[in-house]
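One structure is given below, encoded as structure tokens.
The values are calculated or read from the model by the stated rules, or taken from the named source; none is laboratory data. In this text the structure is predicted, and so the values were computed from the model without any measurement. When we count neighbours, we look across all protein chains shown, and the Cβ atoms used for this are built from the backbone with ideal geometry, even at glycine.
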Amino acid sequence: MRRLIKEISSYGKTNNKEIEIIVNNGTDLLVAQNGQIRTDIDLMNHIDGLLLESYYYGWEMSTDAETPLDARTQLIEPIALLRAANKAILSIDYCQDIANINHSYTQNRSQRIVSFAANNHQLDGIPTYPPVPYDVNDDHIAFLQQAKNMLVLLNQQQYHDKESYLNALRNTDYDLLIIDAYFNDAQLTTGDVRSLQIKKNGGTRLVFAYMSIGEAEDYRTYWQKAWSKKPPVWLGLQNPDWPGNYKVQYWNKQWKNILFGSSHSYLDGIIGAGFNGVFLDTIDAYQYFLE
């Protein structure tokens with residue numbers, strides 16, 4: 001998995017030197033703890049930021065469930081190493097209770113972590129509280145380290161058409177949007193992405209595209225119907241927690257070809273559409289094969 005992340009980063013930055021890479025969780029890949037803390041410097045150099053899920057709330061996929069102190073304590077040293085390497089640190093907490101939302105934002109901010117309090121694990125909407133983004137500003141955000149707040153919206157089911165979806169995003173002042181590169185089966189165009197890079201208040205912002213690298217998703221354009229009866233050798237079992245998502249041999253060349261390396265690959269489409277960066281998810285898939 002370390003090699004795959006490095007390959008994706010190198011390829012992306014070769015084709016667009018300004019593109020930035022965020023990994024979802026993965027502190028155990030960046031930091032080896034074999035009796036002593038050791039940083040994987042090479043991998044650290046290939047990413048620009050790391051996102052922590054359920055840092056304060058959302059423990060074990062339960063909204064508003066507080067994350068145990070010992071779980072956060074284990075992240076103190078990795079966070080310090082990320083900060084020393086000048087990497088952006090972000091987090092998503094899953095909470096609906098207003099007191100928990102306020103606590104999430106204030107505690108993350110005190111640690112210089114850019115956070116988002118999501119109403120649920122589906123990440124399917126724009127929260128109504130707070131009514132404006134935490135630390136809202138009209139700054140021109142040019143790179144990840146400048147962002148003070150963010151919105152993560154990956155499930156578009158409540159939006160009936162692309163324009164209503166885009167308008168909902170345009171009508172916000174978040175510094176960073178992490179969204180899907182597609183609406184239904186159609187990839188967002190360069191014009192779509194460009195329109196999202198302007199905040200409602202006139203400042204500029206970053207727009208990152210979601211990309212699953214450890215699981216294949218049966219609703220993606222790369223999915224072939226024949227796989228249901230005769231799956232390719234690299235396609236594994238369905239993830240019981242996320243129907244439609246399948247484990248993959250992420251090291252397999254055929255899977256890598258789907259992800260990057262040609263005009264038809266997933267990453268190349270993201271780069272071509274003008275996204276500022278990529279959010280790499282399911283990087284913990286290696287644990288499945290270790291078991």
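The table for this structure:
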{"item": "Tally, over the stretch 234-248, of residues that are free of Cβ contacts under 8 Å to residues at least 24 places away in the same chain and in a loop (DSSP other than H, G, I, E, B)", "result": "3"}
{"item": "Answer residue from the stretch 249-266, given it is surrounded by 14 or more Cβ atoms within 10 Å (Cβ to Cβ) and in a loop (DSSP other than H, G, I, E, B) and is farthest from the chain's Cα centre (by Cα) among those", "result": "Asn252"}
{"item": "Selection status of Thr221, assigned to a loop (DSSP other than H, G, I, E, B) and either over 20 Å from the mean Cα position of the chain (by Cα) or within 15 Å of Ile270 (Cα to Cα) (or both)", "result": "yes"}
{"item": "Options Ser54, Ser110: the member that is modelled with pLDDT of 95 or more and on the phi < 0 side of the Ramachandran plot", "result": "Ser110"}
{"item": "Ile198 free of Cβ contacts under 8 Å to residues at least 60 places away in the same chain and β-branched (Val, Ile, Thr)", "result": "yes"}
{"item": "Output for the stretch 155-164, where each listed residue is surrounded by 14 or more Cβ atoms within 10 Å (Cβ to Cβ), more than 16 Å from Pro127 (Cβ to Cβ) and within 19 Å of the chain's Cα centre (by Cα)", "result": "none"}
{"item": "All helices (runs of 4 or more DSSP H) inside the stretch 43-146 with 2 or more residues being in contact with an Asp or Glu (Cβ under 9 Å, 6 or more places away or on another chain)", "result": "98-110"}
{"item": "Boolean, Asn171 is surrounded by fewer than 20 Cβ atoms within 10 Å (Cβ to Cβ), farther than 30 Å from Lys6 by Cα and either in contact (Cβ under 8 Å) with a residue 40 or more places away in the chain or in contact with a strand residue (DSSP E or B) (Cβ under 7 Å, 6 or more places away or on another chain) (or both)", "result": "no"}
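Table: residues versus (1) in contact with a Lys or Arg (Cβ under 7 Å, 6 or more places away or on another chain); (2) under 19 Å from Thr14 (Cα atoms); (3) in a strand (DSSP E or B).
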site	(1), (2), (3)
Val193	no, no, no
Pro232	no, no, no
Asp268	no, yes, no
Val278	no, yes, yes
Asp284	no, no, no
